Every structure is written in structure tokens, then in C-alpha cells.
Ligand SMILES: NC(=O)C1=CN([C@@H]2O[C@H](COP(=O)(O)OP(=O)(O)OC[C@H]3O[C@@H](n4cnc5c(N)ncnc54)[C@H](OP(=O)(O)O)[C@@H]3O)[C@@H](O)[C@H]2O)C=CC1
Ligand SMILES: O=C(O)C1=N[C@H](C(=O)O)C[C@H](O)C1
């Protein structure tokens, strides 16, 4: 029996995770924490931690997981470079999987985007459009960044050097080879992503729509179970799914 502790347990994803854990006989729910709850107590009861909460305090939670020797899945988005450094540091001691999207469909889409970008030259402009529910607090979504990274990897470029985000006003023309991002917010959309590759004469549109959050929760639970069998290191969903 593997016991999963949930960080962000009373949130939208926290509730979906409890349902996904309940679907599998070999899994149990160790409990959960939200803001101001006792993380040390949860750590002691968990074989693996799953974090779908907020970036605030993530570095501290990773340090505590590393100290306790417990693997962690980081699904929280809106991460800053300092959070990624903390993930790298914890991954020296325990297995850590970080991803902007735990669904099979999105990770398959990322593999397709990487392949398209590797085969098409930079006369194909790449734009990533996402839409989420009105409560989402970060933009672009972690998934949009994941897809941008897949495109950049396919092209053999660094995303940070080529991304165009938050266009507004006199932006100037699009840079050749740029990867652009646009974010829409409204209603109850669980997560829509579209990657557009456009030339003067033709356009490819690759996309994914999440119908509900159970696809993220089931993927996260499967990945958490997988993490308990891994050596210390930093992983993403492509490692778990064997998609790269
Ligand atoms: N990687 C993926 O596949 C997916 C990632 N996400 C990401 O997961 C995150 C959560 O999404 P969602 O569930 O919709 O958000 P919600 O706002 O519904 O839930 C967030 C939860 O985190 C809790 N929380 C806030 N601060 C802390 C803290 N310091 N320690 C522990 N818990 C805390 C909140 O509790 P309180 O009320 O006490 O503040 C709340 O219960 C977002 O970053 C989202 O983008 C979402 C779906 C899929
Ligand atoms: O906040 C959400 O809801 C979601 N967040 C993730 C993201 O930022 O990409 C994954 C999913 O799209 C839902």
C-alpha cells in the first residue's frame, strides 16, 4: 500500500486527487495540508507527496521532503527560477517530478509539437494560445510553457531567448523564430491549449482540451506511484511515460 500526501488538499485539484486515489486499491490517502497546516505531520504519514497548491513556500516544502527522504511530485505552476533551483537541489537527495501538466494527452501533444518544430524551419511562426477558468492566477499556464519548451527543444533553441509574452500596445513586428504566448481567462474551462505553426501560405494547428480535472489527477497519482520506485533525480512526465 502506498500512501499519498496532498499539498493543496482543499483546492480544485486536491479534491480530484482524493477521487483518483480512491480509484486504486494499492493506494491510500495519507491526508492533506493547505495554508497554515502542519506539513511535518503529513510528511511523517506519507510515502510520497503531491503538491498542487501555490509557489509560495514550495522551496521549504522541497527541503523538508529531501530531509525526510520522501519523493515529491510538483504540479503547482507559476514557478520562478528560484523554485527550479530548489527542485534541482532536492533532486540530489530524493526523486522529484515537476511538470506543468500530468495528463497523458498534453504530454503526447508536447511530443508532437517537438517533432513538428524539429522538422519545420523558423519560417514557421510558432504561437501558443491557452484558455483557463476565471480563477486561474498565473499566466501563461504551466502547460503553455511546457509546450513552448517542447517546441524550443525541437528547434534546438533556448525558450527564454526566443519567447514573446504579453503583447500589448506598440509591440513591433514579431521576431523571426520567436515562440509567442497568449492567455485567455473565463468561465470554468479546465484547460485548453493550441499550438499554431504558421507560414505565409499554410497553418498547422495542434491542440488539446481538458474536459475535466480527473485527467490531471489520474496522471499525477500514476506518476506519484512511479516516483516511489525511482532513484534520486529530477524527472518529468516524459520519463514516466517513456515519450521522449
Ligand atoms: N500540473 C498539472 O497537471 C496541473 C497543475 N495545476 C496547478 O495546481 C495548482 C493548484 O490548482 P487548483 O487546485 O486549481 O488551485 P486552488 O486555488 O483550487 O487550490 C489551491 C490550494 O492550495 C492551498 N494552499 C495555499 N497556500 C498553501 C501553502 N502554503 N501550503 C499548502 N497549501 C496551500 C489552498 O488552501 P488555502 O485555501 O488554505 O489557501 C488551496 O486549497 C495551480 O498552480 C495550478 O496551475 C492544476 C491542474 C493541473
Ligand atoms: O490552473 C489550472 O486549472 C491548470 N493549470 C495547469 C497549467 O497551468 O497549465 C494545468 C491545467 O491546464 C489546469
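For this structure, a couple of remarks:
- Looking at region 104-209, the DSSP beta bridges with both ends there are about 60 percent antiparallel.
- Degrees separating the helix 12-22 axis from the principal Cα axis of the chain, which is the longest one: 60
- Note on residue 198 and residue 23: the model spin-label points, each 7 Å out from Cα along the C-beta direction, lie 3.6 nm apart.
- Annotation: the residues 234, 209, 218, sorted from fewest to most other C-beta atoms within 10 Å of their own C-beta, follow the order 209, 234, 218.
- Computed from Cα atoms, the angle from the helix 214-227 axis to the main principal axis of the chain rounds to 60 degrees.
- Under the simplified labelling scheme, the residue 134-residue 115 pair shows an inter-label distance of 4.0 nm, with each label point 7 Å from Cα along Cα→Cβ.
- Taking 7 Å steps out from each Cα toward its Cβ at residue 228 and residue 206 produces label points 3.4 nm apart.
- Amide N of region 45-78 lying under 16 Å from the label point, which is placed 7 angstrom from the Cα of residue 35 along Cα→Cβ: 52-58
- Measure of compaction for region 104-209 (Cα Rg per 2.2 N^0.38 Å): 1.03
- Relative to the longest principal axis of the Cα atoms of the chain, the long axis of helix 104-119 lies at roughly 40 degrees.
- Per-pair calculated FRET efficiency, R0 = 22 Å: residue 88 and residue 173 via Cβ, rounded to 0.05: 0.05
- Once the chain from residue 184 to residue 160 is taken as fully extended at 0.36 nm per residue, the excess over their C-alpha distance is 6.5 nm.
- The chain: calculated mean residue ellipticity at 222 nm from DSSP helix runs of at least 4, using -39500 (n - 2.57): -11000 deg cm²/dmol
- Kirkwood analysis of the chain, using all unique Cα-Cα pairs, places the hydrodynamic radius at 18.6 Å.
- Gaussian network model of the chain, Cα within-10 Å springs - most flexible of 75, 180, 169: 169
Readers should treat all values here as calculations from the given coordinates under stated rules, not as data from a laboratory. Since the structure is predicted, the reported quantities are computational estimates derived from the model, not experimental observations. Neighbour counts run over all protein chains shown; Cβ positions are idealised from the backbone, glycine included.
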